[in-house]
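The values are calculated or read from the model by the stated rules, or taken from the named source; none is laboratory data. Not measured: the values here are computed from a predicted model. When we count neighbours, we look across all protein chains shown, and the Cβ atoms used for this are built from the backbone with ideal geometry, even at glycine.
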Amino acid sequence: MLKGIDHRLNADVLQVLRAMGHGDTLVLTDLNFPAEQVARATLRGQVLRMENLTLAGAAQAVLSVLPLDTFVADFAMRMEMVDAPDTIPPVQAELQAEIDHAEGRPRPMLGLRRFEFYDRAREAYAVIQTGERRFYGNVILRKGVIGPKD
């Protein structure tokens, strides 16, 4: 255990979050996402796991140490539902609440169609598969910066 570090963040996840730079992206997925196949195309090259957590729980832990990019509209991208792209399923509503809490204000996620999401995920730094069993529990987060203390 470490002081001030969320206990849900394992060593592999912490190493990746620390190594990522401004603008790099991280994919958090549900159990149905083709994480192994997509992760092979990422910089990390292999899937990381936070299997005992829901998407919202994993996002809460990650966002406790990862700043989101404030310079771009695609700071968080969700997979749209295939037949209802404007519908926000409960799993994504919970995720949105975690993002808004971490940011201290509402910041709606950008929606991506399923195959566009897969393409963007393959360009990510890394993929973390959670234990989320609900459909559409997939998001791409873009790392921001932490400014100097003044």
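Within the stretch 64-87, the set of residues being surrounded by fewer than 19 Cβ atoms within 10 Å (Cβ to Cβ), aliphatic (A, V, I, L, M) and in contact with a strand residue (DSSP E or B) (Cβ under 8 Å, 6 or more places away or on another chain) comprises L68, V72, A73.
Annotation: of all residues in the stretch 123-146 being in contact with a Pro (Cβ under 9 Å, 6 or more places away or on another chain) and within 23 Å of R18 (Cβ to Cβ), the one that is modelled with the lowest pLDDT is I146.
In this structure, P85 does not satisfy being in contact with a helix residue (DSSP H, G or I) (Cβ under 9 Å, 6 or more places away or on another chain) and part of a loop (DSSP other than H, G, I, E, B).
Report yes if Q92 is buried (at least 20 other Cβ atoms within 10 Å of the Cβ) and assigned to a helix (DSSP H, G or I), otherwise no. Give the steps one after another, and end with the answer.
Values: buried (at least 20 other Cβ atoms within 10 Å of the Cβ): yes; assigned to a helix (DSSP H, G or I): yes.
For Q92, the condition - buried (at least 20 other Cβ atoms within 10 Å of the Cβ) and assigned to a helix (DSSP H, G or I) - is met.
Taking the criterion of being buried (at least 17 other Cβ atoms within 10 Å of the Cβ), part of a loop (DSSP other than H, G, I, E, B) and either touching a Phe, Trp or Tyr at 6+ places or on another chain (Cβ under 9 Å) or charged (D, E, K, R) (or both), would at least one residue in the stretch 4-11 satisfy it? Explain how you work it out, then say what you get.
To start, the set of residues in the stretch 4-11 that are buried (at least 17 other Cβ atoms within 10 Å of the Cβ) comprises 9.
Going one step further and asking which of them are part of a loop (DSSP other than H, G, I, E, B), we end up with 9.
Subsequent filtering for residues that are either touching a Phe, Trp or Tyr at 6+ places or on another chain (Cβ under 9 Å) or charged (D, E, K, R) (or both) retains none.
No; the residues of the stretch 4-11 include none that is buried (at least 17 other Cβ atoms within 10 Å of the Cβ), part of a loop (DSSP other than H, G, I, E, B) and either touching a Phe, Trp or Tyr at 6+ places or on another chain (Cβ under 9 Å) or charged (D, E, K, R) (or both).
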